[in-house]
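Worksheet: one structure, shown below.
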Amino acid sequence: MRFQFLFALIALLGSAAVDAKQSKNIGKIKPGVEAPIDPVAARKSIEAANQNFVVALKKHDAKTIADAFEPDVIFLPPGMDALHGRDEVSKFFAAFMAASTIDETGSITLDVSVAANTAYETGLYTMTTRSGNAAPVADHGKYLCVWKHDADGHWRIAREIFNTSIAPAKSPPH
């Protein structure tokens with residue numbers, strides 16, 4: 001009976017010592033473990049990156065546009081197969097900008113959720129473009145971006161899909 005009491009007392013004191021050590025480490029970050037990312041700061045950074053992207057698109061600045069994407073990005077534009085890698089995405093935007101004049105464009109972030117060094121953004125876009133002497137074409141739609149927070153402190157797009165919210169024109173009956 002004495003041994004059971006002594007064993008229970010040793011076990012109780014041992015667990016109290018472990019609890020005390022763990023409570024001292026609360027809020028401390030272990031070496032090699034990244035600090036949690038503040039979701040409010042992440043959203044502000046992503047919104048700023050989106051505005052930089054819009055400015056670069058209007059200026060036909062392909063380098064800034066390409067730099068917004070991770071090297072191994074997967075880009076899912078409407079009506080096309082997936083594009084893999086920053087180079088393919090850069091070529092896509094270069095071709096788009098060569099063929100179109102952008103009269104107006106913008107985006108609105110609706111939501112950003114952060115998990116570790118990844119952020120998931122949903123939003124809306126608007127764009128009015130012209131090709132040559134053709135009438136302007138207005139578009140608006142939605143997008144989903146997966147952002148990665150790089151070791152250099154930048155948020156870059158790792159995955160993106162977007163599509164128009166304008167219904168396709170109805171075909172005449174046959």
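The values are calculated or read from the model by the stated rules, or taken from the named source; none is laboratory data. The shown structure was predicted, so the numbers you read here are calculated from the model rather than taken from an experiment. Here Cβ is always computed from backbone atoms with ideal geometry, including for glycine, and neighbour counts include all displayed protein chains. The accessibility values were calculated without ligands, DNA or RNA, using every heavy atom of the protein model including side chains. Shrake-Rupley method; radii C 1.70, N 1.55, O 1.52, S 1.80 Å.
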task = Please report, in Å, the Rg and the Dmax of the range 62-121, where both are computed over Cα atoms only.
result = 13.4, 39
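Which whole-number percent gives the relative contact order of the range 37-174, counting Cα pairs below 8 Å spaced six or more residues apart? Write out the running numbers ahead of the final one.
Values: 248 pairs, mean separation 31.4, N = 138.
Relative contact order of the range 37-174: 23 percent.
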Surface share of carbon and sulfur [accessible, 1.4 angstrom probe, percent] for the range 51-144 = 58 percent
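Please compute the length gained on full extension between residue 137 and residue 47, using 0.36 nm multiplied by the number of residues separating them and subtracting their Cα-Cα distance.
Values: separation 90, 0.36 × 90 = 32.40 nm, distance 2.53 nm.
29.9 nm is the gain from fully extending residue 137 to residue 47.
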note = In terms of the alpha carbon gyration tensor, root eigenvalues a ≥ b ≥ c, rounded if a/c is under 1.5 and otherwise prolate when a/b exceeds b/c or oblate, the range 72-174 is prolate
query = Summing +1 for each Lys or Arg and -1 for each Asp or Glu, what net charge is found among the other residues whose Cβ lies under 13 Å from the Cβ of residue 44?
reply = -2
